[in-house]
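What follows is a set of notes on a single structure, which appears directly below.
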Amino acid sequence: MTSRGLVLDSLEFRSPERVPRQLWTLPWAGLNWPAELAAIRERYPDDIVTCPGFLREPLRTSGLEYEPGIFIDEWGCRFENRQAGIIGQVKVPALRDWAGLDRVRVPTERLTVDLGRVDDFCGRSRAFVLAKTWSRPFELLQFLRGPENLYIDLAERPAGLDRLLEKIHAFYLEEMELWAGTEVDALVFADDWGGQDSLLVSPALWREMFKPLYRDYVGIAHRHGKYAFMHSDGHIAAILPDLVEIGLDALNAQLFTMDIAEIGRRFAGQLTFWGEIDRQRLLPYGTPAEIAAAVRTVRRAVWRRGGAIAQCEFGIGARPENVAAVFEAWDGPA
């Protein structure tokens, strides 16, 4: 069976021959563990890949995203970075006050996708292919306004906030529709909604302002026969019922910040859990035996003849032997 077939069987709960897998890496891993990373990739190749952007026009950025110094992204957000191999932080917001709202430039270069090259890439790949969308309205609001300003905005609800969010969402809808017309298998969106033990905003506010946006993204995917994948860090248990309700197919979440057994009782068989294994404690500080036990915990909770993808992140601090142990455990007996 092809990698794509394995992923489809897991998404559809059709008892795939093995659990499909995907390794996420930060450039930090390749800088610090190049030989070990290469060995993991050779032994456990990905079943899920992301299509290149294949843009006809380059993005208007400056600097290097994962290098020390200043990186300015295509939206004009200014990231300051002090460590190679990871992304920096926005210290000075691009939109300090609403007088500058009309100067926020939409990066239309992201819409200059060479659709023929995308379809050719998908046709040549035996893997399950994700679109290069990664729409993130909440995070982009933070980058543009700065976190402190944004949380005040969410409390006070100035008219500028609604206008900015409408502008962002309209662009993401156009981008999603563009990619949905290609041969990719899934559209992807992402926002980090959780703190360590709760949602960053009230569930009521999330449902009012952001759930409709994600419903739109899932709707575009499904109308075009695609799957909808989402990533969200932190403790997001409060919105899991909503994500199931809007028809999300696969969720990448930090399961180990939440009650994994309870998540399994409530949502196994309704949603595919696209990873992950604890990257806060286990991947940097655990042992391979603890990693194997963690994989068994996730499998028992969420696997129902499918419904899981063996994903983990080789990020800052992670030990290569622990990353390898994740995939070894998923390939082993239940």
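Nothing in this text is a laboratory measurement; each read-out follows from the coordinates by a stated rule. Being a predicted model, the structure only gives us computed values, none of them experimental. Positions of Cβ are generated from backbone atoms using ideal geometry, with glycine treated the same way; all protein chains shown enter the neighbour counts.
Highlighted here are the strands (runs of 3 or more DSSP E) found entirely within the range 52-147 that include at least 3 residues which are closer than 25 Å to residue 27 by Cβ and in contact (Cβ under 8 Å) with a residue 60 or more places away in the chain: 128-130. Residue 99 meets each of the listed conditions (1) hydrophobic (A, V, I, L, M, F, W, C); (2) surrounded by 13 or more Cβ atoms within 10 Å (Cβ to Cβ); (3) out of contact with any Lys or Arg (no Cβ under 6 Å at 6 or more places or on another chain) apart from (2).
Scanning the range 189-208 for residues that are in contact with a Gly (Cβ under 9 Å, 6 or more places away or on another chain) and hydrophobic (A, V, I, L, M, F, W, C) yields a total of 3. Considering each of 286, 275, 264, 269 in turn, give the residue that is surrounded by 17 or more Cβ atoms within 10 Å (Cβ to Cβ), in contact (Cβ under 8 Å) with a residue 60 or more places away in the chain, more than 19 Å from residue 137 (Cα to Cα) and small (Gly, Ala, Ser). Answer to the check: 275. Every test in (1) more than 22 Å from residue 28 (Cβ to Cβ); (2) under 21 Å from the mean Cα position of the chain (by Cα) is passed by residue 316 save one, and that test is (1).
Inside the range 245-334, counting only helices (runs of 4 or more DSSP H) that do not spill past its ends, which hold 1 or more residues that are within 23 Å of residue 49 (Cα to Cα)?
Details: elements: 260-267, 282-285, 288-302, 320-331.
In the range 245-334, the matching helices (runs of 4 or more DSSP H) lie at 282-285, 288-302, 320-331.
When residue 82 is tested against (1) touching a Leu at 6+ places or on another chain (Cβ under 9 Å); (2) surrounded by fewer than 16 Cβ atoms within 10 Å (Cβ to Cβ), just one condition goes unmet, and that condition is (1).
In the range 274-309, which residue that is of a type in the set (A, V, I, L, M) and closer than 14 Å to residue 11 by Cβ is nearest to the chain's Cα centre (by Cα)? Reasoning before the result, please.
In the first step, residues of the range 274-309 are kept if they are of a type in the set (A, V, I, L, M); the result is 277, 282-283, 289, 291-295, 298, 301-302, 308-309.
Remaining after also requiring closer than 14 Å to residue 11 by Cβ: 302, 308-309.
Numbers: 302: 19, 308: 15, 309: 13 Å.
Only one residue tops the list, namely 309.
Residue selection: residue 234 fails the criterion of being within 20 Å of residue 135 (Cβ to Cβ), touching a strand residue (DSSP E or B) at 6+ places or on another chain (Cβ under 9 Å), surrounded by fewer than 17 Cβ atoms within 10 Å (Cβ to Cβ) and not β-branched (Val, Ile, Thr).
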